[in-house]
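Contents: one structure, followed by commentary.
The values are calculated or read from the model by the stated rules, or taken from the named source; none is laboratory data. Keep in mind the model is a prediction, meaning the values are calculated, not measured. Please note: Cβ atoms are built from the backbone with ideal geometry, for glycine as well, and neighbour counts cover all protein chains shown. Areas reflect the complete protein model, heavy atoms only, side chains present, ligands, DNA and RNA absent. Shrake-Rupley method; radii C 1.70, N 1.55, O 1.52, S 1.80 Å.
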Amino acid sequence: MVRILFVLLFFSTSVMGQSLNPDVGGWYMYFWNTKFKNSQFGLQGDIQHRNWAVAGDLEQLLLRGGFTYSPKNNNVKFTLGYGHITSGAMGKDDKSTSTESRIYQEALMPHKVGKRFYFTHRFRFEQRWVADLDTRTRYRYNLFLNVPLNQTDLKKGALYLALYNELFVNGQKGKASNNFSVELFDRNRFYSGLGYSLADNLRMQGAFMTQTTNSVKKRQIQLSLHHAF
């Protein structure tokens with residue numbers, strides 16, 4: 001286990017070494033989910049602290065949680081949730097912030113191909129209330145892939161490759177309030193990293209994510225903890 005943790009630490013440190021480039025940000029995240037005993041219902045959510053730089057310059061603080069429902073005999077999980085986002089301006093000296101409230105509906109569909117390829121499809125629809133802007137909607141599709149390298153499952157002791165690509169499409173386009181222009185394409189995120197299963201229900205990941213919009217392409221260091229209880 002020590003060797004595995006060293007690999008992840010070395011990977012994260014190497015990536016952070018590129019943080020001298022101002023185009024690199026840092027995202028630090030905790031994802032959790034739980035299921036009520038003897039029930040098809042549960043809860044899930046995440047906390048994300050996003051930085052314009054590696055640390056110390058707030059880009060976003062995202063707090064999100066929702067109720068989940070998993071139908072019997074179907075490999076799908078539905079979520080109805082709410083998120084609150086505080087966004088900061090770039091530059092440590094600029095302390096101004098704005099807020100967003102967000103309601104979302106989600107369908108999560110995992111499936112396995114062969115012995116090692118763990119895919120998950122996530123479809124998400126968001127209703128967004130951003131400060132000083134019109135109400136907006138957004139569609140998101142994410143394809144996740146986890147590939148264990150030293151065993152065939154993702155249980156305790158697994159070292160795995162973690163990949164995903166997520167496409168964001170706006171529900172409206174054209175001029176919004178406050179002279180804000182909205183395009184159909186919102187952004188795309190491509191993520192690649194390494195993960196390690198600390199326990200059957202607890203995994204950590206270190207990764208590099210590239211986010212592309214119509215005007216900006218930026219890289220993010222990502223460190224995350226994934227917890228089921």
(request) Output the residue which, of all residues in the stretch 120-133 that are farther than 15 Å from K77 by Cβ and charged (D, E, K, R), is most open to solvent (accessible area, probe 1.4 Å). (result) D132
(message) I'm trying to understand the selection: among the residues of the stretch 134-153, which are open to solvent by less than 40 Å² (accessible area, probe 1.4 Å) and either closer than 17 Å to E100 by Cα or touching a Lys or Arg at 6+ places or on another chain (Cβ under 7 Å) (or both)?
(response) R136, T137, R138, R140, N142, V147, P148
(message) Show me the strands (runs of 3 or more DSSP E) entirely contained within the stretch 47-119 in which 3 or more residues are open to solvent by 50 Å² or more (accessible area, probe 1.4 Å), touching a Ser or Thr at 6+ places or on another chain (Cβ under 6 Å) and touching a residue at least 24 places away in the same chain (Cβ under 8 Å).
(response) 97-113
(request) Spot the failing condition for Q127; the list is (1) part of a strand (DSSP E or B); (2) of a type outside the set (V, I, T); (3) in contact with a His (Cβ under 9 Å, 6 or more places away or on another chain), and only one is missed. (result) (3)
